[in-house]
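Report on one structure; see the data block that follows.
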Amino acid sequence: MHIVAIVVGIIAAAGVWYWRAKAAKEVVDDVGSMVGRVQGRIRMNNFKKKAEGSALASIEDPALAAAVFLHALANEKRDALHLAEPGIREQIGRIVADADLDEVLSYAQWAARDVADARDVVRRFKPLWRQKLTREERADLIVMAESIADLGEANDHNQKLTLVTLRTALGPEQNR
């Protein structure tokens, strides 16, 4: 009888240790799974940041850059967004060939959709505009932006700041 009790005790102890090892394995698996999800989110956020930046980074045409900027400017005032589309088409239509107009506008609208602040677009394209646009063309861009900002009911503080940033970025150069 003692032998049966010892065997049952050994089986019970083995069962307890097996259960503890199984529980520890589950905890380790859960922690590993959580770490994997966190790493996946970090990679996804890094990819999103690169993808957002790449939409603007690939632009080398000042007219396309202007279209992106005008869309980003219009996005700052949601009530005037529907009014801005024809205005942007008219403004950009003056500087882009008719055959390319739809493509330029659709790309600009897509690229501007994820822009958080239109001032970032000004900072991004300031060197491009300064390098490739004449002083008169830069003044025309400012006029275009002012006409888009005037759409809608009330003046938007963010749009005013963006226009000031644009005027400062494209204004007369001291070093030339």
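Among the candidates I42, I10, I6, I59, single out the residue that is surrounded by 10 or more Cβ atoms within 10 Å (Cβ to Cβ) and outside any helix (DSSP H, G or I). Walk me through how you get there before you give the answer.
On the way: I42 fails: outside any helix (DSSP H, G or I); I10 fails: outside any helix (DSSP H, G or I); I6 fails: outside any helix (DSSP H, G or I).
So the residue among I42, I10, I6, I59 that is surrounded by 10 or more Cβ atoms within 10 Å (Cβ to Cβ) and outside any helix (DSSP H, G or I) is I59.
Got a number for residues in the stretch 97-152 being open to solvent by 40 Å² or more (accessible area, probe 1.4 Å), modelled with pLDDT under 90 and among the β-branched types (V, I, T)?
0
Which of the helices (runs of 4 or more DSSP H) found entirely inside the stretch 72-163 contain at least 3 residues meeting this: more than 17 Å from S58 (Cβ to Cβ) and among the small types (G, A, S)? Talk me through it step by step, then tell me what you get.
On the way: elements: 81-93, 98-113, 118-132, 135-149.
In the stretch 72-163, 81-93, 135-149 are the helices (runs of 4 or more DSSP H) which contain 3 or more residues that are more than 17 Å from S58 (Cβ to Cβ) and among the small types (G, A, S).
The values are calculated or read from the model by the stated rules, or taken from the named source; none is laboratory data. Here the structure is a predicted model, which is why all the values come from computation and not from measurement. When we count neighbours, we look across all protein chains shown, and the Cβ atoms used for this are built from the backbone with ideal geometry, even at glycine. Ligands, DNA and RNA are excluded from the accessible area calculation, which covers all protein heavy atoms including side chains. Shrake-Rupley method; radii C 1.70, N 1.55, O 1.52, S 1.80 Å.
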